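The values are calculated or read from the model by the stated rules, or taken from the named source; none is laboratory data. If you're wondering where the values come from, they're calculated on a predicted model, not measured in any experiment. Cβ coordinates were reconstructed from backbone atoms using ideal geometry, including for glycine residues, and neighbour counts include every protein chain displayed. Areas reflect the complete protein model, heavy atoms only, side chains present, ligands, DNA and RNA absent. Shrake-Rupley method; radii C 1.70, N 1.55, O 1.52, S 1.80 Å.
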Amino acid sequence: MPKKKAVGQGAAPAAAPAAAPAVRPKKGSGRKVSERKLTRRQEKFVKELVANDGLITLREAAIRAGYPPGSAHSRAWELCSLDHCPHVVREIERYREELDSQYAVTYKRHVRDMKRLRDAALEGGAFSAAVQAEKNRGLAEGLYVSKSEVRTGSLDAMTREEVEAELERLRQTYPETIDITPEVEKQDTESVPEP
């Protein structure tokens, strides 16, 4: 059996390497990458990702957009990469801003919606809901001020004299209270006939 020659031994001299072919530009629209239009899948990916923000993963958004499950993770990463798909990243940002402005809570929108809820509750006879809606409108307008006083300590730790002194101090702080307890007339038990 003849021995094989090692590469380069006894072989004829190699011909000069051929010139590398000229790099042709990619076929396409000639637009910059950032000006490209999104494909249907890319549009669906953007809408799925932004509309379900925080509820689904990038991979799930890619699968819902129609990318194969086996490569969805890689495609999602590429679609969110500014280096690979800047036009998709910009569309994600634009669509997020659009939804934020559409659904943002503004003072004017909040007060208007509370008025609509109040009116609908009144028409439906739900007076409690109407009162709540009107109260919330008043809170938004600043008509009501919520005050609370937080005190430390416990009545259990105070002596009777300390509690009485604190109650007297509180009585002095606030104006005179009006007693609105209704007076009950005593009925004569003898004049009431028994059944």
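Does the range 28-56 hold any residues that are small (Gly, Ala, Ser) and modelled with pLDDT of 80 or more, and which are they?
Across the range 28-56, the qualifying residues are Ala51, Gly54.
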For the range 111-121, check the following and say yes or no: at least one residue is over 30 Å from Ala51 (Cβ atoms), charged (D, E, K, R), open to solvent by less than 80 Å² (accessible area, probe 1.4 Å) and modelled with pLDDT of 80 or more. yes
Taking the range 32-91 and keeping only residues that are aliphatic (A, V, I, L, M), open to solvent by 90 Å² or more (accessible area, probe 1.4 Å) and closer than 21 Å to Gln102 by Cβ, one is left with Leu55
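Out of everything in the range 122-164 that is open to solvent by less than 60 Å² (accessible area, probe 1.4 Å) and over 20 Å from Lys108 (Cβ atoms), what residue ends up being modelled with the lowest pLDDT?
Ser154
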Hey, does the range 73-80 have a residue that's more than 30 Å from Glu141 (Cα to Cα), touching a His at 6+ places or on another chain (Cβ under 7 Å) and free of Cβ contacts under 8 Å to residues at least 12 places away in the same chain? yes
Taking Pro68 and the conditions (1) at pLDDT 95 or above; (2) within 26 Å of the chain's Cα centre (by Cα), which numbered condition does it fall short on, given that it satisfies the others? (2)
Filtered residue count, the range 92-101, keeping only those that are under 18 Å from Arg40 (Cβ atoms) and open to solvent by 90 Å² or more (accessible area, probe 1.4 Å): 1
